[in-house]
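Note sheet for the following structure.
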Amino acid sequence: MSQFFQIHPENPQARLIRQAVDIIRAGGVVAYPTDSAYALGCKIGDKEALDRIRKIRKLDDRHNFTLMCRDLSEIATYARVDNTAYRLLRHCTPGPYTFILKATSEVPRRLMHPKRKTVGLRVPDNPIAAALLEDLGEPLMSVTLIMPGDEFPLIDPYDIRETLEHHVDLVIDGGYCGMEPTTVVDLADDIPIVLRAGKGDLTPFED
């Protein structure tokens, strides 16, 4: 049975954030709000928790997870960022964008694209997600909370609890945060390529 924390969407309670991070550090899987949709997250490098998320979402080994980062400097620890990418990242973070970049050796191999050695990273503009990442002190491995066979993410925390109460360790009720996915931008090569148009302005990536 999962725990259920009601955390204020604008002023997250520090005590509940600490308890949530303790659950993550102990190997827990959490459902939490972001600036685009609810996500499933776990500690970076935790293979057992990662496998649990794959099982919930029915994902194969080829599905790329995203590293949720605190800020631009943390992205630079896990990805190779050239000057062009840095300018775009600085302009677009925090925000509803996922960036595909070449991974550094800090990224667990199982999180990289097997051939391109890339990884997806983002800095969410959501107070609860930001507080979790700040307290955790490292990225969260994350995927959008879309159940197998569904077209859209789950958006109601009570529906999430009912659906996943026996599959995750914690559901964070952070209110409604929408169902539009992030815009995904490939910055691994010289020219930015929008792989998926979602929430977020596309202007910075247009010629």
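The values are calculated or read from the model by the stated rules, or taken from the named source; none is laboratory data. All figures in this text were calculated on a predicted structure; none of them were measured in a lab. Virtual Cβ from ideal backbone geometry, glycine too; neighbours counted across all protein chains shown.
When you look at LEU121, is it in a strand (DSSP E or B), surrounded by 13 or more Cβ atoms within 10 Å (Cβ to Cβ) and under 15 Å from the mean Cα position of the chain (by Cα), yes or no?
yes
Within segment 187-204, can one find any residue that is more than 24 Å from ILE100 (Cβ to Cβ), modelled with pLDDT of 90 or more, surrounded by fewer than 19 Cβ atoms within 10 Å (Cβ to Cβ) and more than 15 Å from the chain's Cα centre (by Cα)?
no
Being in contact (Cβ under 8 Å) with a residue 60 or more places away in the chain, closer than 18 Å to PRO108 by Cβ and either under 14 Å from the mean Cα position of the chain (by Cα) or part of a helix (DSSP H, G or I) (or both) is the filter here; which residues of segment 56-69 pass it?
HIS63, PHE65, THR66, LEU67, MET68, CYS69
So THR84 ticks every box in (1) of a type outside the set (D, E, K, R); (2) surrounded by fewer than 16 Cβ atoms within 10 Å (Cβ to Cβ); (3) free of Cβ contacts under 8 Å to residues at least 24 places away in the same chain but one. Which box is left unticked?
Condition (3) is where THR84 drops out.
Residues in segment 156-175 that are among the aliphatic types (A, V, I, L, M) and either surrounded by fewer than 16 Cβ atoms within 10 Å (Cβ to Cβ) or touching a Lys or Arg at 6+ places or on another chain (Cβ under 7 Å) (or both): how many?
Qualifying residue count for the region: 1.
List pairs: first residue in segment 152-169 and over 17 Å from PHE5 (Cβ atoms), second residue surrounded by 13 or more Cβ atoms within 10 Å (Cβ to Cβ) and of a type in the set (S, T, N, Q) anywhere in the structure, Cβ distance under 8 angstrom, at least six positions apart or on different chains.
The qualifying pairs are PRO153/THR144; HIS166/SER2.
Where the second residue is at pLDDT below 75 and the first is under 21 Å from THR182 (Cβ atoms) and lies in segment 105-122, which pairs have Cβ atoms under 8 Å and are six or more apart or on separate chains?
VAL119/HIS113
Residues in segment 63-78: is at least one among the basic types (Lys, Arg) and within 20 Å of THR144 (Cβ to Cβ)?
yes
Name the single residue, out of those in segment 43-53 being of a type outside the set (Val, Ile, Thr), crowded, with 16+ Cβ neighbours inside 10 Å and under 19 Å from ALA103 (Cβ atoms), that is nearest to the chain's Cα centre (by Cα).
The qualifying residue nearest to the chain's Cα centre (by Cα) is LYS43.
Kindly establish whether THR183 is under 18 Å from the mean Cα position of the chain (by Cα) and under 16 Å from LEU67 (Cβ atoms).
Spelling it out, it is not the case that THR183 is under 18 Å from the mean Cα position of the chain (by Cα) and under 16 Å from LEU67 (Cβ atoms).
Do we have ILE56 as more than 30 Å from ASP190 (Cβ to Cβ), surrounded by fewer than 22 Cβ atoms within 10 Å (Cβ to Cβ) and of a type in the set (Val, Ile, Thr) here?
Spelling it out, ILE56 is indeed more than 30 Å from ASP190 (Cβ to Cβ), surrounded by fewer than 22 Cβ atoms within 10 Å (Cβ to Cβ) and of a type in the set (Val, Ile, Thr).
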